Amino acid sequence: MVWFGLVWFLGCSRTDNYILSQEDKAEPNYISVDEALRMIQDKYKNAYLDYQFTFDYISNFYEKESYLGYFVRDIAVVYQLTGDEKAEMIVDHAFRFICSQFKYKGRIIPLFANKSWNRDAFARDCRLFYEAYSYTHTPEILIEVEQQLELWCREVKRDWHNGFLVFPYGMDPEDTYYDYLIDPNQNIVIAWLCSELYWCSESRFYKSAELRNIVYNEVGAALSLMDASGRLSLAEHLSLVFDSNYGGYTSTMLYAICQFWNEPVWIEAVRKMGNWLYTEFPQSHPWNTKEDYPNYSQDRFYPSNLTGRIPAFYAAGVDSGYTQNWIHFVEYKFPHEELKLELLTFNLKSLPSSYYLKNQNKKLFYTLIEPLILLDEEIRIVGRYVGHISVNEEIVNESVFLKKGKNHLKVYVTEDFYFEKIIEMEDSCHMNVKIIDENHSLFAL
């Protein structure tokens, strides 16, 4: 293992690499629909055939799929990569279909849940819907996600459990609550959904004190099952099972949450989990098996088990050469699986694809993946590639003056392409600016 350290916000942008263009903003480097579908799943090609087939496809698709959000999110990614209006239309129709066919008492519930409203399916699907919204900016999607969260918070009451105020597993069709036992994956996905909406300036939950409280309690509950070495129990009632699959999934979600909150304790937890997964699950023993009992629950021999560890590897400072060899190992072990490697960390904006892919398609990440801009006591910009930023056409170094009223922020990723955001201030002020970019990010050489 090569230790690089865990450093998040390391100073200012590089102003000598790019020159502000006087021309209009350049167009994104879109890719073809075929290329985008290959990156997502080839089976989605059928959804592009015609209008009626789209409805038939969606109906048949959801008879077999456990979760409702993945198809909507994946086609929204196609729209983000291609700008193709057909993808936007399919997202719209699919989401409307879900809202009309999968509601019980106003709650969006997948078929496998049998009308039980469970925190995993609720939070996972709503977060996927929100991610789709972040690509298509369809207002109806955000409104529905907000309504689902509002309904959940009103009907599924939190209670104190092991020192944390958390949601139960959910409730049955008769509205009887299930238990409050901690399951790190489920607690963390609730926190991820609430983090997304807390930091979404278009959401009515923006900077909601209640959502912040939910995030900190759910993450705290999940990490209460982690030991000093970074091993994470599968669930509260399975305290001796430290499952590699769930550890990878939880650490990936926690990595995403850390991009929002920059909490040192949580960042350290991701680092420890990465070290645990790296140390205890090498290629010769990549997952828990029956021979590991009592550290075993069931076989989980899936490629996602293996690729889900990449963000935690990165946080732990695992050498990129090892990680790229790990990817080759996964490809060899699952030669017929669609690994979707180019988009493995599509929404982890501080993790460069070059860390785990030798020949990544950089154009995807220069002009197609918008950086995350957070505004609190400081401006934080999370992005794989950041050249420099300007506010009101003035290049920014370490601090910026924000005038009362509207301020025009531009984040340049090439010399002529930028993402922009309007920041409205009630009063003028000076504010520090901190950036994550490809060269800083989690590595501190």
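Could you tell me whether residue 353 is modelled with pLDDT of 90 or more and either over 30 Å from residue 420 (Cβ atoms) or not assigned by TED's automatic domain parsing to the domain that holds residue 425 (or both)?
no
Take the residues in the range 313-336 that are over 21 Å from residue 284 (Cβ atoms) and part of a loop (DSSP other than H, G, I, E, B), then tell me which one is modelled with the highest pLDDT.
317
Which residue, of 87, 76, is in contact with a Ser or Thr (Cβ under 7 Å, 6 or more places away or on another chain) and either within 24 Å of residue 121 (Cα to Cα) or buried (at least 17 other Cβ atoms within 10 Å of the Cβ) (or both)? Walk me through how you get there before you give the answer.
Values: 87 fails: in contact with a Ser or Thr (Cβ under 7 Å, 6 or more places away or on another chain).
Testing whether each residue is in contact with a Ser or Thr (Cβ under 7 Å, 6 or more places away or on another chain) and either within 24 Å of residue 121 (Cα to Cα) or buried (at least 17 other Cβ atoms within 10 Å of the Cβ) (or both) leaves just 76.
Is the range 103-121 home to any residue that is closer than 18 Å to residue 37 by Cβ and assigned to a helix (DSSP H, G or I)? It would help to see each step written out before you state the result.
We begin by selecting, within the range 103-121, every residue closer than 18 Å to residue 37 by Cβ; these are none.
No, the conditions are met nowhere in the range 103-121.
Step by step: first the residues of the range 41-69, then only those that are surrounded by 18 or more Cβ atoms within 10 Å (Cβ to Cβ) and either out of contact with any helix residue (DSSP H, G or I) (no Cβ under 9 Å at 6 or more places or on another chain) or more than 12 Å from residue 90 (Cβ to Cβ) (or both), then the one that is modelled with the highest pLDDT. Which residue is that?
69
So is residue 219 in a helix (DSSP H, G or I) and either touching a strand residue (DSSP E or B) at 6+ places or on another chain (Cβ under 6 Å) or over 30 Å from residue 367 (Cβ atoms) (or both) or not? Working first, answer last.
Details: in a helix (DSSP H, G or I): yes; either touching a strand residue (DSSP E or B) at 6+ places or on another chain (Cβ under 6 Å) or over 30 Å from residue 367 (Cβ atoms) (or both): yes.
Answer is yes for this residue.
Just checking, how many residues over the range 260-270 are modelled with pLDDT under 95 and buried (at least 22 other Cβ atoms within 10 Å of the Cβ)?
0
I need the full set of residues from the range 327-336 which are farther than 11 Å from residue 303 by Cα and buried (at least 16 other Cβ atoms within 10 Å of the Cβ), in order please. Even if it seems obvious, please write down each step before you answer.
The first filter runs over the range 327-336 and keeps only residues farther than 11 Å from residue 303 by Cα, leaving 328.
Listed by number, the list is empty, since nothing qualifies.
Just checking, which of 206, 246 is within 26 Å of residue 348 (Cβ to Cβ) and at pLDDT below 95? So that I can check it myself, show each step before the final result.
Details: 206 fails: at pLDDT below 95.
Checking each option against the conditions leaves just 246.
Pairs under 8 Å by beta carbon, first residue assigned to a strand (DSSP E or B) in the range 419-431, partner hydroxyl-bearing (Ser, Thr, Tyr) and modelled with pLDDT under 95, six or more apart or different chains?
Pairs that qualify, where the first residue is assigned to a strand (DSSP E or B) and the partner is hydroxyl-bearing (Ser, Thr, Tyr) and modelled with pLDDT under 95, are 430/399; 431/399.
Buried (at least 18 other Cβ atoms within 10 Å of the Cβ) and either farther than 21 Å from residue 131 by Cα or not assigned by TED's automatic domain parsing to the domain that holds residue 318 (or both): is that true of residue 383 in this structure? Spell out the reasoning first.
Details: buried (at least 18 other Cβ atoms within 10 Å of the Cβ): yes; either farther than 21 Å from residue 131 by Cα or not assigned by TED's automatic domain parsing to the domain that holds residue 318 (or both): yes.
Criteria met by residue 383.
Yes or no: the range 32-39 includes at least one residue that is within 23 Å of the chain's Cα centre (by Cα), charged (D, E, K, R) and under 25 Å from residue 148 (Cβ atoms).
no
Tally time: how many residues in the range 57-71 are under 15 Å from the mean Cα position of the chain (by Cα) and touching a residue at least 60 places away in the same chain (Cβ under 8 Å)?
Initially, the range 57-71 is screened for residues under 15 Å from the mean Cα position of the chain (by Cα), giving 69-70.
Subset that is touching a residue at least 60 places away in the same chain (Cβ under 8 Å): 69.
Counting residues in the range 57-71 that are under 15 Å from the mean Cα position of the chain (by Cα) and touching a residue at least 60 places away in the same chain (Cβ under 8 Å) gives 1.
Based on what the data block shows, is residue 271 assigned to a loop (DSSP other than H, G, I, E, B) and either within 16 Å of residue 188 (Cα to Cα) or basic (Lys, Arg) (or both)?
Details: assigned to a loop (DSSP other than H, G, I, E, B): no; either within 16 Å of residue 188 (Cα to Cα) or basic (Lys, Arg) (or both): yes.
Judged against the criteria, residue 271 is not a match.
Can you pull out the residues in the range 356-376 that are surrounded by 16 or more Cβ atoms within 10 Å (Cβ to Cβ) and either in a strand (DSSP E or B) or at pLDDT 85 or above (or both)?
356, 357, 367, 368, 369, 370, 371, 372, 373, 374, 375
Within the set of pairs 6 or more residues apart or between chains, which connect a residue that is under 21 Å from residue 83 (Cβ atoms) and among the acidic types (Asp, Glu) inside the range 365-385 to a residue that is surrounded by 19 or more Cβ atoms within 10 Å (Cβ to Cβ) and modelled with pLDDT of 90 or more with Cβ atoms less than 7 Å apart?
Close Cβ pairs (under 7 Å, with a partner that is surrounded by 19 or more Cβ atoms within 10 Å (Cβ to Cβ) and modelled with pLDDT of 90 or more) amount to 370/419.
Among the aliphatic types (A, V, I, L, M) and either closer than 23 Å to residue 317 by Cα or in a strand (DSSP E or B) (or both), is that true of residue 351? Explain how you work it out, then say what you get.
On the way: among the aliphatic types (A, V, I, L, M): yes; either closer than 23 Å to residue 317 by Cα or in a strand (DSSP E or B) (or both): yes.
In short, yes.
Out of everything in the range 144-158 that is out of contact with any Pro (no Cβ under 7 Å at 6 or more places or on another chain) and outside any helix (DSSP H, G or I), what residue ends up being farthest from residue 225 (Cα to Cα)? First the steps, then the outcome.
Here is the first cut: in the range 144-158, the ones out of contact with any Pro (no Cβ under 7 Å at 6 or more places or on another chain) are 144-155, 157-158.
Still in the list and also outside any helix (DSSP H, G or I): 157-158.
Working: 157: 22, 158: 19 Å.
So, considering only residues that are out of contact with any Pro (no Cβ under 7 Å at 6 or more places or on another chain) and outside any helix (DSSP H, G or I), the one farthest from residue 225 (Cα to Cα) is 157.
Any residue in the range 134-155 that is free of Cβ contacts under 8 Å to residues at least 12 places away in the same chain sitting within a Cβ distance under 7 Å of a residue that is surrounded by 20 or more Cβ atoms within 10 Å (Cβ to Cβ) and part of a helix (DSSP H, G or I)? List the pairs, counting only those 6 or more apart or interchain.
Sorted first by the residue in the range 134-155, then by its partner, the list stays empty.
Residues to consider are 255, 293, 246, 278; find the one that is among the aromatic types (Phe, Trp, Tyr) and out of contact with any helix residue (DSSP H, G or I) (no Cβ under 7 Å at 6 or more places or on another chain).
Numbers: 255 fails: out of contact with any helix residue (DSSP H, G or I) (no Cβ under 7 Å at 6 or more places or on another chain); 246 fails: out of contact with any helix residue (DSSP H, G or I) (no Cβ under 7 Å at 6 or more places or on another chain); 278 fails: out of contact with any helix residue (DSSP H, G or I) (no Cβ under 7 Å at 6 or more places or on another chain).
Matching residue, one of 255, 293, 246, 278: 293.
Any chance the range 224-241 includes a residue that's touching a residue at least 60 places away in the same chain (Cβ under 8 Å), of a type in the set (A, V, I, L, M, F, W, C) and within 24 Å of residue 289 (Cα to Cα)?
Within the range 224-241, the subset touching a residue at least 60 places away in the same chain (Cβ under 8 Å) is 224, 234, 236.
Restricting the remaining residues to those that are of a type in the set (A, V, I, L, M, F, W, C) gives 234.
Those still in the list that are within 24 Å of residue 289 (Cα to Cα) too: 234.
Yes, that holds for at least one residue.
Quick grid of which residues meet (1) over 30 Å from residue 371 (Cα atoms); (2) small (Gly, Ala, Ser); (3) more than 17 Å from the chain's Cα centre (by Cα):
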{"residue": "255", "(1), (2), (3)": "no, no, no"}
{"residue": "320", "(1), (2), (3)": "no, yes, yes"}
{"residue": "336", "(1), (2), (3)": "yes, no, yes"}
{"residue": "342", "(1), (2), (3)": "no, no, no"}
{"residue": "352", "(1), (2), (3)": "no, no, no"}
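The values are calculated or read from the model by the stated rules, or taken from the named source; none is laboratory data. Only a predicted model underlies this, so the values are computations on that prediction, with no experimental measurement involved. Using ideal geometry, Cβ is built from the backbone for each residue, glycine included, and neighbour counts are taken over all protein chains shown.
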